[in-house]
1. Has segment B:63-80 got at least one residue that is part of a loop (DSSP other than H, G, I, E, B), within 14 Å of chain C (Cβ to nearest Cβ), at pLDDT 85 or above and closer than 22 Å to C:Gly38 by Cβ?
2. Can you confirm whether segment A:48-64 contains a residue that is within 14 Å of chain C (Cβ to nearest Cβ) and part of a loop (DSSP other than H, G, I, E, B)?
3. Return yes when A:Val470 is of a type outside the set (S, T, N, Q), assigned to a loop (DSSP other than H, G, I, E, B) and touching a residue at least 60 places away in the same chain (Cβ under 8 Å) and no when it is not.
4. So, in segment B:104-118, how many residues would count as being in contact (Cβ under 8 Å) with a residue 24 or more places away in the chain and either within 10 Å of chain A (Cβ to nearest Cβ) or of a type in the set (A, V, I, L, M, F, W, C) (or both)?
5. For segment C:74-101, which residues satisfy the criterion of being of a type in the set (Ser, Thr, Tyr) and surrounded by fewer than 17 Cβ atoms within 10 Å (Cβ to Cβ)?
6. Just the residues that are assigned to a loop (DSSP other than H, G, I, E, B), of a type in the set (S, T, N, Q) and away from every other protein chain (no Cβ under 11 Å), please, taken from segment C:73-131.
7. Within segment A:74-83, can one find any residue that is over 16 Å from the mean Cα position of the chain (by Cα), in a loop (DSSP other than H, G, I, E, B) and either at pLDDT 90 or above or among the aromatic types (Phe, Trp, Tyr) (or both)?
8. Confirm whether C:Ser68 is within 14 Å of chain A (Cβ to nearest Cβ), part of a helix (DSSP H, G or I) and not aliphatic (A, V, I, L, M).
Amino acid sequence: MDSLITHSPALIVALPLVAAFAIPLISRAGPRVRNTFSLVIFGLITFLVAILAMDVHSVGIHVYTFGATAAELALPGGYTVPVRIMFEVDGMSIFMGLIITIVTLAALIYSLHFLKGQTGQARFYSLMMLLYAGMMGLAFTGDMFNLFVFLEIASIAGAGLAAYRTNMADAVEGGFKYIVISAVSALLVLFAIGILYAQYNVLSIAALGYYMQYTTLDMMALGLLGGAFLMKLAAVPLHMWAPDIYTVAPAGITPMIYTSSAAAMYALYRVTFTLYGSAIDTTTIGWVVIILGVLSMFVGVMMAVHQTDIKRMMAYHAISQEGYMLLGVGVGLAVLADPGALASYGRDAISGGIFHIINNALYKGMLFLTAEAIFFRIGTRDLNRMGGLGHRMKWTAGFFIIGALAISGIPPFNGFASKLLIYESVLRFNPILSVIAMFVSLVTLASFTKVFYSAFTGPEMPAYKEVKEVPKSMIIGMAILAACIIFFGIFPGLVVNTIVAPATDALINQASYINAVMGAVP
Amino acid sequence: MMEHIPLNFPFLAAALLAGVAFYIIIFKRNLIKLIMGIALLASAVNLFLVALGYRAGGNAPIYTDVPEGLMVLPVPQALTLTSIVINVAVLALMLTMVVHIYRHTGDIDAKESRRLKG
Amino acid sequence: MLTKIVRTVANQLILFILIFGLYVIAHGHLTPGGGFQGGAVIVSGVVMLLVAFNSKELKKSLRERLLSIMESTGALILIGLAFAGIGTVFAYNFLVGSPIFGRIPPTGPNPGDIWTGGFIPLMNLAVGLKVAAGLSAVVLAMALFSSGEEMEE
């Protein structure tokens, strides 16, 4: 069991790759064999993630060096810098790992029933495993170039999955926009990695953090990295691609595309907090992140209010919620150098921002599933043509209410817990930002009330008299997410202390990340 | 003759290529030209990576029958190889998508073939 | 379908291109080259055949099923070799010191010994197989796509 825990970072990324390449061979034996194989392998991977999470929270940072004579041997005898590719799993990495695993498990189970009748299913599951491997590698890596490679793997697999239904023209267009944006952003990341390597001759994140002196070229590299990750994240000036792809992706894939953006957000935090960390003037950078977060919140919700396509509206809300995360962590970044402010409200701001990532994954996932359920039954996404569905689709309406209340931040759902953390801490930093955040919440509630009114209430339309509820498996998928939302809302303290607080500590504490690799180097 | 080329020349060339590539990506509407712009940006970044490994008077970093002396840095060459492989995959994917878009809409102009708006 | 001269020359040349591609793959740990580069050389040979013959003709010889199996096998051999050293660490070079590819090369300039390198030459062969199959499938699919057909599942 101990050796399983030691090797688990590598196994968690290698097993999905094995599955991705074996599924085209195995699916020759029939669809049932392939589905069972995917579920078994993914169950094994979920178990490995769970035991790794328990170990990281109790013991500390896990370092895994590929190809050395022992897994933790980052600096073999005589070396002062790490030369091998490394995975370094700390609290923040395993937090992202847990989110990615939960979302992929839900997407896998949902897709098993959703894809009946489509061709090319073997490649769908293969690409889903590749996307999972790419995102987990991005979360676990301790090496800058490895970050680039896994970022590209996740982008290519995500674009292939989003454009899966090639018989629909707009699906291919959405996927095309996604791959263009991802390719440009990844090339900018590679440019910045080149600049950093030319200066310090190391590629490992811990070693770069150790040797970092903030020269002009490093400023350029930070600008390029920040710009590239913000492009991938759909922060506001560069958000044009996001609504298109959320609208056209198949039902299980939309939460995974959102998780891919969250992984890019993790990479942004890893670069600013750990790679640059104490060497930069965090106040300026923090304010840039805060301004972009506020812009995203505001523009996202304003564009969402007048949409008529239900999934496109939810996509704009996803952009707006990402603004909350950027705001929370931006406030924490701005006060990073000030220990008093950090202890009193900075840490809570970062916790709120990070907690919001997992909350957003849960309720946005559920809202997208309800929109897909409606589309599954009546074949249209246009709000002007819907009406009176609440009479027939009672379960879907119920889950929609839960999701809408959670996203607006109404107690007792989980949105309230993370938004309260953000409001309180941002209020002490700058009251205006908190007021803007609360205003955006109100407008979110208003737009979801509009959708509920036009889609679910009202007289039953004659065209939809025969509409039944969606199949049991979809209801089970939505019910699992709803149960998590209610649980996180009623016991937020439990969640924050168990998984969010270690992540916050891991981000703030740059020294422990560096020491785990560089050891006792003076 | 080699001494008269300034040492910054490859970096200037990479910056020029990147500038042209960004101009194409932002301002051109034909989808095939957009893909060419991305390929050009990839070439600029690859050139930058290989050029930063150069050491004056160095040989290729291969031990088989190499003359004595300095060697250029091998790590950026490995990074460039990986980047080339990834870009092959990305370009193949983008070209396939453009063929699908052409089949559906009959047009490869970005403005005319746009269906998702708002 | 081009003229008879072109088809005959292409039929003769493909052998040399394949051998050169295999040379680049096999000597990847000594001279410039390796898995991807050799695989790309082999694919350029396939493209030459595609240009000389019709894509529909080539589809009869290069079936999609064969390419898919070759590609998956290459990838599984690659990951299998990495897993074989899991007793120590994932991707540990367990063949160093053993008689297959296990000799230690001398330091400094030397006239290259092909039996060195551990599992790197084996990984090169696996990657070469995968790249040749994968890129051939991509090129063939695009050629068929443009002429209006689809590749079968």
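1. Checked segment B:63-80: at least one residue is part of a loop (DSSP other than H, G, I, E, B), within 14 Å of chain C (Cβ to nearest Cβ), at pLDDT 85 or above and closer than 22 Å to C:Gly38 by Cβ.
2. So in segment A:48-64, the residues within 14 Å of chain C (Cβ to nearest Cβ) come out as A:48, A:62-64.
The next check asks that each one be part of a loop (DSSP other than H, G, I, E, B); those that pass are none.
Scanning segment A:48-64 turns up no residue that is within 14 Å of chain C (Cβ to nearest Cβ) and part of a loop (DSSP other than H, G, I, E, B).
3. Values: of a type outside the set (S, T, N, Q): yes; assigned to a loop (DSSP other than H, G, I, E, B): yes; touching a residue at least 60 places away in the same chain (Cβ under 8 Å): yes.
In short, yes.
4. Kept after step one, since they are in contact (Cβ under 8 Å) with a residue 24 or more places away in the chain, are these residues of segment B:104-118: B:108-111, B:113.
When the remaining residues are screened for being either within 10 Å of chain A (Cβ to nearest Cβ) or of a type in the set (A, V, I, L, M, F, W, C) (or both), the result is B:108, B:110, B:113.
Count: 3.
5. Of all residues in segment C:74-101, those of a type in the set (Ser, Thr, Tyr) come to C:88, C:92, C:98.
Across segment C:74-101, the qualifying residues are C:Thr88, C:Ser98.
6. C:Ser98
7. Initially, segment A:74-83 is screened for residues over 16 Å from the mean Cα position of the chain (by Cα), giving A:74-83.
Checking the rest, the ones that are also in a loop (DSSP other than H, G, I, E, B) come to A:74-83.
From what's left, either at pLDDT 90 or above or among the aromatic types (Phe, Trp, Tyr) (or both): A:79.
For segment A:74-83, residues over 16 Å from the mean Cα position of the chain (by Cα), in a loop (DSSP other than H, G, I, E, B) and either at pLDDT 90 or above or among the aromatic types (Phe, Trp, Tyr) (or both): present.
8. On the way: within 14 Å of chain A (Cβ to nearest Cβ): yes; part of a helix (DSSP H, G or I): yes; not aliphatic (A, V, I, L, M): yes.
Yes, satisfied.
The values are calculated or read from the model by the stated rules, or taken from the named source; none is laboratory data. All values derive from a computational prediction rather than experimental measurement. For neighbour counting, all protein chains shown are included, and Cβ atoms are generated from backbone atoms with ideal geometry for every residue, glycine included.
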